[in-house]
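The structure appears right after this line, and notes come after that.
The values are calculated or read from the model by the stated rules, or taken from the named source; none is laboratory data. Source: prediction; values computed, not measured. Using ideal geometry, Cβ is built from the backbone for each residue, glycine included, and neighbour counts are taken over all protein chains shown.
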Amino acid sequence: MITIKKVAQLAGVSTATVSRVINNSGYVNGKTRDTVESIMREYHYVPLDSAVNLSKQESSTIGIVIPEIDNVFYSEILHGISEVADENGLSPIIFDTQNNAEKEARALRLISRQRVRGLLLAPAVDYAKTSLGKELKDILTDLQIPVVIVDREADGISWDSVFYQNYESSFAVAEALYHAGGRRMAVITGDLKLKIGRDRLNGFAAGLKLTGLKLRKDDIYEGNFLEPMAYELSRKMLMKRSLPDAVYTCNNRTSLGFLKAAGELGIQVGKDIGLMGNDSLRILDELGIPFSCAYRDTAEMGRIALRLLLKRIDHPDDPREIYRMPFSIALRGSEKKLS
């Protein structure tokens, strides 16, 4: 008599996938479902009660570890994850590391004691560039569950990943500012200890170089992706006698810090100085305030991440998958210096 395990072997899937087909529960793509059902018919497989109940023995929980739960960028990613989780009867458990490596380590250890199906992780640190990186990577490996890395790319990571075109989008921002008339550019960077921070700075510098311009050392303001530091750096920049033609702010919170400083100092963005950011600012869109930026569909990023995780749960031995979210450029006027 054929068993559920044998059906799974013949179909090249896990017993959990066969169980979801039997119970018509959870995510199974159409081609896989057809294959499993075809094998069950061919071998006259009749599910036992234990097979019918197998899906009920599986945890419906997935772990999510993010660095900034109060950042609208991550709330939009969580919205996309939640949509796919609801479709598949999954319950997310969320940890906020606040960009702290030790808090990330604690979160991963807590997850190791939970009964979770898999993990979505946006790392707080670059595993290859920090003293805690190796420890965090070892903890993550020891979990022995499917993992998808979201947004924050790092060297030495081997798990399925959903990343953004950080270098390419920053390159495009440089070209857009040049075509808007900018000739002297400045940048407020993100955290350069993170690969995404380095990629955005390097992409911007390379884009300027292609236009024949050079990013001057004293026009590089090293930030940390957070609003308070961006605000202080922006005041320092804007209180100088000579202003750049345009500024690139490397994420949404950096853009907010710059806009706050410019407003306090009476400097009009889109008139006295050009500005482009990376990541949109929904609040500005809602208020009708022009803000030019490179952006991506962040909710879709969350949906793709969880779908990749579900695929990895069903096919643990497949080759690693990396998906890079494409970017768009929105030019709404803030990129120009008119005076």
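Structure values in brief
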quantity	calculated
Residues within the stretch 97-138 that are within 14 Å of ARG152 (Cβ to Cβ), charged (D, E, K, R) and free of Cβ contacts under 8 Å to residues at least 40 places away in the same chain, tallied	2
Single condition LEU331 does not satisfy, out of (1) more than 30 Å from ILE62 (Cβ to Cβ); (2) surrounded by 16 or more Cβ atoms within 10 Å (Cβ to Cβ); (3) among the hydrophobic types (A, V, I, L, M, F, W, C)	(2)
MET301 surrounded by 16 or more Cβ atoms within 10 Å (Cβ to Cβ) and either aromatic (Phe, Trp, Tyr) or part of a helix (DSSP H, G or I) (or both)	yes
Selected residue (criterion: farthest from ARG332 (Cα to Cα)) from residues of the stretch 177-199 that are in contact with a Phe, Trp or Tyr (Cβ under 7 Å, 6 or more places away or on another chain) and charged (D, E, K, R)	ASP191
LEU78 vs. criteria under 20 Å from SER161 (Cβ atoms), modelled with pLDDT of 95 or more and either touching a strand residue (DSSP E or B) at 6+ places or on another chain (Cβ under 6 Å) or outside any helix (DSSP H, G or I) (or both)	no
Counted residues, the stretch 244-271 - those being assigned to a loop (DSSP other than H, G, I, E, B) and within 20 Å of ASN202 (Cβ to Cβ)	3
Yes/no for TYR221 being touching a helix residue (DSSP H, G or I) at 6+ places or on another chain (Cβ under 9 Å), of a type outside the set (A, V, I, L, M, F, W, C) and surrounded by fewer than 20 Cβ atoms within 10 Å (Cβ to Cβ)	no
Of all residues making up the stretch 304-324, the number that are surrounded by fewer than 17 Cβ atoms within 10 Å (Cβ to Cβ) and either within 18 Å of the chain's Cα centre (by Cα) or not charged (D, E, K, R) (or both)	8
Unmet requirement for TYR127, which otherwise passes all of (1) among the aromatic types (Phe, Trp, Tyr); (2) at pLDDT 95 or above; (3) outside any strand (DSSP E or B)	(2)
LYS134, sole failed condition from (1) surrounded by fewer than 19 Cβ atoms within 10 Å (Cβ to Cβ); (2) not in a helix (DSSP H, G or I)	(2)
Selected residue (criterion: farthest from TYR164 (Cα to Cα)) from residues of the stretch 203-218 that are assigned to a helix (DSSP H, G or I) and in contact with a Leu (Cβ under 6 Å, 6 or more places away or on another chain)	LEU208
Hits in the stretch 215-235 - residues which are in contact with a Phe, Trp or Tyr (Cβ under 7 Å, 6 or more places away or on another chain) and either of a type in the set (D, E, K, R) or within 22 Å of TYR295 (Cα to Cα) (or both)	ALA230, SER234
The stretch 202-227 residues that are in the same structural domain as ILE69 (by TED's automatic domain parsing), paired with ones that are of a type in the set (S, T, N, Q) and part of a helix (DSSP H, G or I) (beta carbon under 6 Å, 6 or more apart)	none
Index of the failed condition, LYS260 passing every other in (1) out of contact with any Ser or Thr (no Cβ under 7 Å at 6 or more places or on another chain); (2) modelled with pLDDT under 95	(2)
Search result, residues across the stretch 1-23 that are closer than 13 Å to ILE39 by Cα and not in a helix (DSSP H, G or I)	ILE2, THR3, GLY12, VAL13
